[in-house]
Amino acid sequence: MSKDYIEVRGAEEHNLKDLDVRIPREEFSVVTGLSGSGKSSLAFETVYAEGQRRYIESLSAYARNFLGQMDKPQVESVEGLSPAISIDQKNAANNPRSTVGTVTELHDYLRLLYARVGTPHCPECGREVGEQSASQMVSRLLDLPAGTKAKLCAPVVRDQKGAFEDRFDDLVSEGYSRVEVDGEPYDLTMDRPDLDENYDHTIDVVVDRVKIDPEARSRITDSVETALTEAGGVLKVILPDPPAGVELGGSTARSTGDLAAGEADDSDEMDVADRLVVEFSEDLACTHCGIDIPEIETRSFSFNSPHGACPECEGIGNTKEVDPDLVIEDERKPLKNVFEPWSYNRSYYRRQLDSMARHFGVSVDTPFEELDDEVQDAFLFGTDEDVLFEWTTKNGVRRKEQPFEGVIGNLERRHVETDSDNTRDHIEEFMAVTTCPACDGTRLKPASRAVHVDSTAITAVNRMSIADALAHFEDLERALTERERTIAEEILKEIRARLGFMQEVGLDYLTLDREASTLSGGESQRIRLATQVGSGLVGVLYVLDEPSIGLHQRDNDRLLDTLEGLRDLGNTLLVVEHDEETMRRADNVIDMGPGPGRRGGEVVVQGDFDEVVASEDSLTGDYLAGRREIPVPEERRDPDDGELTIRGARQHNLDDVDVSIPLGQFVAITGVSGSGKSTLMHDVLYKGLAREMNDNTSVDPGDHDAIEGYEEVETVRLIDQSPIGRTPRSNPATYTGVFDHVRELFAETKLATQRGYEKGRFSFNVKGGRCEECGGQGNVKIEMNFLSDVYVPCEACGGARYNDETLDVTYKGATIADVLDMEVDEALEFFEANPGIRRRLELLRDVGLGYMQLGQPSTTLSGGEAQRVKLAEELGKKDSGETLYLLDEPTTGLHPEDERKLIEVLHRLADAGNTVVVIEHELDLVKNADHVIDLGPEGGEGGGEVVATGTPEAVARLDESHTGRYLRDLLPAVDLAGPRSDRRKPAKAASDD
């Protein structure tokens, strides 16, 4: 066996037809071809899956029991495999605590840097803090009122796992009998704590219990010094019953895991939430403000730890607050009906509102908008003065005087106090997510935010873009002392390297504090790619899924440089891709086909770029060579149907821009990655129209002044790449409504009528016609314990999903199960005589999904496929001709041939008088637009402006537009040279508008 190739023999996964292929090792190989031709089946379901399976099988049986198992791919053999790593487009994380910084491990290095060389400052006055002696601590304690009880403790264990049995023995032998473990007191001479060694614990040794008295200065001093010695310079003071208003000025401490005061259990002495626990450090204190700063550690800068997280938002960065705009939707309503959460029909709310109305001398029938501002505020936020509340019971009239808590105060209190999930969910309908006022969204507590390196807090670094952070750390050593430079040298090297990798893959516009859940699939993939570049692994097989998605042509070259760098290290790259530039830079191209679905699964041509271009059997080669092309429209639509204008858009990096979208046209929003395209379309336009047109107050639009001209739009439809279903039971046939018509057709057959079968009999989701052995799934999972779980066809139905009685019914010789196994193109021919089914199937074919099986589980669809299924479903609806369609990169995962079909569909929508707005980087689609809105000029803080607007030809003539310069190569009417002017020119020209 040659070690120079990965040799795949007899691959039959999905639509692969007994495929044999040799993939060169330590080279950059691209797998391309029509959508559905078998690219992912070869790269991911065969090569990567077999590599992962072999790796897992090499582990011990015990280790395999804890790892996710992979099914064995249907392949005769795969030889020459290396350890395989998949870098796909799945989102990095859905956890709100995950950020770009944490996912890339940059935040870990920043925490280490700030913990080791950071300079603490007072969070109150901003002065640099200094050391605090034992005598200063004693003076603080003696400032307390005489007679105050205090425990002087040494925190000897802080958030560490273990049972600590030996530690307790040592403490007893040293003469210490009293401890507090996780906030609970113990007497070690009588009772030893039984701790779970798998959880973090905190152990405080009670050195002394004293009553504050100037006469006890000597005793307090000795105890403080002892505690400082035992705990390495840290003293914890616990006041079981603190005097009202007392402030020690120290740092309030918490028990392990207790981010919210009051969550701890009652102890035998007091409620933990009522006592005061303060830590003093021998090293850090502000003598001006009297504030003690806790010890600076790496966890002090972690918003996932109680030691660093803002106590108000618990490290999330935002909080939920009752929104007055959601509580009051229409101020024109009378007072008694204006508050959405309060029904006047309920006696309690009626009593509250009637009493408040009497107190202010107004009628509950008065429109809320006619009340004075102070009266409105009183109803919403409560009163300081007492209000007389009267209500009638069977025992007579009862009266009570107390302040009114306000409608909003009532909702906030009940949201905290209620044990009912239904009540909490109901109240949250009137709450909005707002930036935490305590930490301003930075997630960290004040002491952590006050630690500086080169006069910059870690929170300021987190808010920088990758590019700005790289510039910040470039010459940071100049601001450090010689000792600090020695400590920080290796840390800074790692930080700069990771930032550099992120910049290389085109993510320099992202900020470090951006939530990972808000990243696109392409951005998440490139983050993982940057992490792999930083790992420096050699001899690895990397399998990537269209890494160029979401990248502007200008940024694509940097990504390709990164991929070539991985190859040059000695790794093998197998990349599923349609991008021409990626194929040009690859060492080897494998073109799958010749058609999609069952007509694919073969290698049409394999070789370098020139060999693919020269192949007349390759549809990909035809497009690369210019033998086929996506034409430029001969004429563009005139903008004579008015405009939809966004005024003052300021969300994220949008720089107070005004954007006009001509109605009745095909509009493309372009720009480099991070320039503000998605923010403009999703956050401002779509959410703004949802609020204005549908009065949907649950939607929070991005910051803008106004949207004008929406009266000319009848409805708005956002067609994004989110899944069409969450379970395998959902499929293209059910989503588009095709299956309803198919079931009706089978119910009308002669045998079904004789047996009394109705439409529901032919559903695999309900009892009756489905196979109950597999529940209509068609297969059964066999758990193999230490081996991969195996999915085998159901023995009862043979994978058909239905019982025998249902399968007796046929239409034109095919059962309902046979129909679900048909591809769209096959079904279109089969149902040619049925207009309702044919029309819906034609729409699926028109958006490039002719290869897709009708019953393919929705969970197996890519984001691009799901978006096109949605588009087909939308096309099937009744069209008024005044619809605004919003699409986000619809060409994702499309071969040029499929892209041509999609563009025809979008033109059809615009021809019907609809407005189509598309975010897109693919220039063949952009050149087909009537109007281009180009944002930029750069990404992140350098973007957010409108660089150019107009026809593609007009934008192409502007040197300021990165998109325009690349468009020149595809528009013959523009006689300016573009960055790739040495490449082919399209055969057809467009008139210049």
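Results, tabulated for the structure shown:
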| quantity | calculated |
| --- | --- |
| Identity of the residue in the range 56-80, under 33 Å from the mean Cα position of the chain (by Cα) and modelled with pLDDT of 75 or more, that ends up nearest to Thr46 (Cα to Cα) | Pro73 |
| Residue count for the range 719-734, restricted to those that are small (Gly, Ala, Ser), modelled with pLDDT under 80 and in contact with a Phe, Trp or Tyr (Cβ under 8 Å, 6 or more places away or on another chain) | 1 |
| Residues located in the range 512-554, provided they are of a type in the set (Val, Ile, Thr) and surrounded by 20 or more Cβ atoms within 10 Å (Cβ to Cβ) | Ile527, Val533, Val543, Ile549 |
| Filter result for Glu374 (open to solvent by 80 Å² or more (accessible area, probe 1.4 Å), modelled with pLDDT of 90 or more and acidic (Asp, Glu)) | yes |
| Filter result for Ile903 (open to solvent by less than 30 Å² (accessible area, probe 1.4 Å), under 25 Å from Ser37 (Cβ atoms) and either hydrophobic (A, V, I, L, M, F, W, C) or out of contact with any helix residue (DSSP H, G or I) (no Cβ under 8 Å at 6 or more places or on another chain) (or both)) | yes |
| Candidates Ala432, Ala460, Ala438, filtered to the one that is under 32 Å from the mean Cα position of the chain (by Cα) and either assigned to a loop (DSSP other than H, G, I, E, B) or acidic (Asp, Glu) (or both) | Ala438 |
| Residue match in the range 637-654 (condition: open to solvent by 20 Å² or more (accessible area, probe 1.4 Å) and among the hydroxyl-bearing types (Ser, Thr, Tyr)) | no |
| The one condition in (1) part of a strand (DSSP E or B); (2) open to solvent by 20 Å² or more (accessible area, probe 1.4 Å); (3) of a type outside the set (Asp, Glu) that Pro306 fails to fulfil | (1) |
| Residue within the range 174-182 that is open to solvent by less than 30 Å² (accessible area, probe 1.4 Å) and in a loop (DSSP other than H, G, I, E, B) present | no |
| Filter result for Glu882 (modelled with pLDDT under 85 and acidic (Asp, Glu)) | no |
| Count of residues meeting criterion [closer than 30 Å to Val932 by Cβ, open to solvent by less than 20 Å² (accessible area, probe 1.4 Å), of a type in the set (Val, Ile, Thr) and not in a loop (DSSP other than H, G, I, E, B)] in the range 581-636 | 2 |
| Those residues of the range 111-143 which are within 17 Å of Ser218 (Cβ to Cβ) and of a type in the set (A, V, I, L, M), in sequence order | Ala134, Met137, Val138, Leu141, Leu142 |
| Scan of the range 186-243 for residues that are more than 23 Å from Asp169 (Cβ to Cβ) and in contact with a Gly (Cβ under 6 Å, 6 or more places away or on another chain), ordered by number | Lys211 |
| Looking only at the range 691-716, and only at residues there that are over 22 Å from Gly944 (Cα atoms) and under 22 Å from the mean Cα position of the chain (by Cα), the one that is modelled with the highest pLDDT | Val699 |
| Residue within the range 480-492 that is over 30 Å from the mean Cα position of the chain (by Cα) and not in a helix (DSSP H, G or I) present | yes |
| Any hit, the range 675-685, residues being touching a residue at least 24 places away in the same chain (Cβ under 8 Å), part of a loop (DSSP other than H, G, I, E, B) and under 21 Å from the mean Cα position of the chain (by Cα) | yes |
| Filtered residue count, the range 507-554, keeping only those that are in a strand (DSSP E or B) and either without any contact (Cβ under 8 Å) to a residue 60 or more places away in the chain or under 24 Å from Asp468 (Cβ atoms) (or both) | 2 |
| Subset of the range 810-860 [among the β-branched types (Val, Ile, Thr), in a loop (DSSP other than H, G, I, E, B) and within 23 Å of Ser41 (Cβ to Cβ)] | Val847 |
| Some residue of the range 561-578 being open to solvent by 10 Å² or more (accessible area, probe 1.4 Å) and within 16 Å of Asp508 (Cβ to Cβ) | yes |
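The values are calculated or read from the model by the stated rules, or taken from the named source; none is laboratory data. Quick caveat, the model's predicted, so the values are computed rather than measured. Cβ sites come from the backbone with ideal geometry, for glycine too, and all protein chains shown count toward neighbours. The area values use the complete protein model at the heavy-atom level, side chains included, leaving out ligands, DNA and RNA. Shrake-Rupley method; radii C 1.70, N 1.55, O 1.52, S 1.80 Å.
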